[in-house]
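The values are calculated or read from the model by the stated rules, or taken from the named source; none is laboratory data. Quantities reported herein were computed from a predicted structural model and do not represent experimental measurements. Heads up, the Cβs are rebuilt from the backbone with ideal geometry, glycines too, and the neighbour counts pull from every protein chain shown.
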Amino acid sequence: MITEMFTANQLKKESPVFGQLSFDDHEQIVFCHDKDTGLKAIIGVHNTILGPALGGTRMYNYATEWDALNDVLRLSRGMTYKAAITGLNLGGGKAVIIGEPSKIKTPELMKRFGKFVHTLGGTYYTAEDVGMETSDMDTIREVTPYVTGISEANGGAGNPSPVTAYGVYMGMKAATKFAFGNNDLKGKRILIEGIGHVGEELVRLTSKEGADVVISDINQERLEKVAKAYGATIYRGNNLYAEAADIYAPCALGATINDKTIDDLKIKVIAGAANNQLSNEEIHGAKLQNKGIVYAPDFLINAGGIINVFAEIEGYNRDHIISKTENIYDTTLDILNKAKATNMTTNASALSIAEDRIAFRKKEVFR
Ligand code: NAD
């Protein structure tokens, strides 16, 4: 069971925003409400030192508003480091819309959300995330230019998910090289959790290379369809995290590496698309290191999507997108080697490189 949420006792109720455990010097948190459309959204702008904050909007039926706030704080922070480590001149932001997409999503609600994004005047650019589609970005584009991931038909770079999957595949191959001595996925047993936009493409790429792919999802219909299309095996057990395999690829929601799952893990490599895979970066990062599991930092290897959507702002072409995404292979290997040499966790090692870039830019801007 995925728990990305904080429990009530982890929140400081007397200090609901600045006292949140996930608050990390975010620049702006914007609460957006519209009674007519039923919109309840939160936009988190974490850091804009490198450029405007860019990050997707997640639409999700959060159990509580606290969970939504916690999610947007964590996700927007991750975007800052993702852009920084990928060498993009972008800051970090993210938005969440509270509610079950199939029940409350309407074009009116999307446009109302877009108008809130517009009020930020380009401090924050939105994009697609869980629960959103390229067509939603097209709808938002009707009311604001501060949106990326719009369809190719409307002049955008299209759905970023295949590029995200390609970057994850690059990161997975680099981590495989580090863990096994060569980057060949043929014959490797790979558990892919979540076979949505990104996960399905990752199933395609890894199956094509001859990996033994095992898939898991809460959507039975998708499982059957994807298994049939790529010859993958559907996981039928009741604890995926205890399944022995070479690689685990979290591609659903975050925080699946947590106190409940970490002791069970019987894999050598973790490389997936989900944001914030480590429930607690320090504790679980260190535990993975002690267990000898090679963790390819999520914000590094899932950057293909942001590379793709940034092309809409910068105007670079498809070849550039692909070559920048392929760079994820070298960057991942460098970071894994650096972490080993310095005895740091791989996550901390990647974060320190991203932080150095932001600090350097801050000095330039404010000197
Ligand atoms: P998606 O909504 O298309 O797919 C998510 C899949 O996970 C769905 O099939 C859903 O049924 C499944 N799922 C949900 N809860 C599950 C559970 N408890 N166990 C197993 N499966 C479950 O989302 P996506 O666009 O493929 O993104 C996947 C992950 O990658 C997300 O965490 C997202 O934030 C991250 N990510 C996506 C992109 C992108 O370009 N789409 C970029 C960077 C990061």
Residues that are in contact (Cβ under 8 Å) with a residue 12 or more places away in the chain and in a helix (DSSP H, G or I), drawn from the stretch 84-102: Ala84, Ile85, Thr86, Pro101
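Would you point out which residue out of Ala245, Ala232 is closer than 24 Å to Asn280 by Cβ and either surrounded by fewer than 17 Cβ atoms within 10 Å (Cβ to Cβ) or more than 10 Å from the ligand (Cβ to nearest atom) (or both)?
Working: Ala232 fails: closer than 24 Å to Asn280 by Cβ.
None of the other options fit; the residue is Ala245.
Residues in the stretch 120-154 that are part of a helix (DSSP H, G or I) and either touching a residue at least 24 places away in the same chain (Cβ under 8 Å) or surrounded by 21 or more Cβ atoms within 10 Å (Cβ to Cβ) (or both): how many? Outline the logic, then answer.
Step one: filter the stretch 120-154 for residues part of a helix (DSSP H, G or I), giving 134-141, 152-154.
Add one more test, that the residue is either touching a residue at least 24 places away in the same chain (Cβ under 8 Å) or surrounded by 21 or more Cβ atoms within 10 Å (Cβ to Cβ) (or both), and what stays is 134, 136-137, 139-141.
Qualifying residue count, the stretch 120-154: 6.
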Index of the failed condition, Ala41 passing every other in (1) modelled with pLDDT of 95 or more; (2) more than 22 Å from Ala255 (Cβ to Cβ): (2)
Per-region count, the stretch 155-204, residues closer than 25 Å to Met79 by Cα, among the hydrophobic types (A, V, I, L, M, F, W, C) and part of a loop (DSSP other than H, G, I, E, B): 2
Boolean, Asn258 is polar (S, T, N, Q), modelled with pLDDT of 95 or more and within 19 Å of the chain's Cα centre (by Cα): yes
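Working only within the stretch 160-209, note down all residues that are of a type outside the set (D, E, K, R) and in contact with an Asp or Glu (Cβ under 7 Å, 6 or more places away or on another chain).
Our first condition is that a residue be of a type outside the set (D, E, K, R); within the stretch 160-209, this holds for 160-172, 174-176, 178-183, 185, 187, 190-192, 194-199, 202-203, 205-207.
Passing the criteria: Pro160, Ser161, Pro162, Ala165, Met170, Leu185, Gly187, Ile190, Leu191, Gly194, Ile195.
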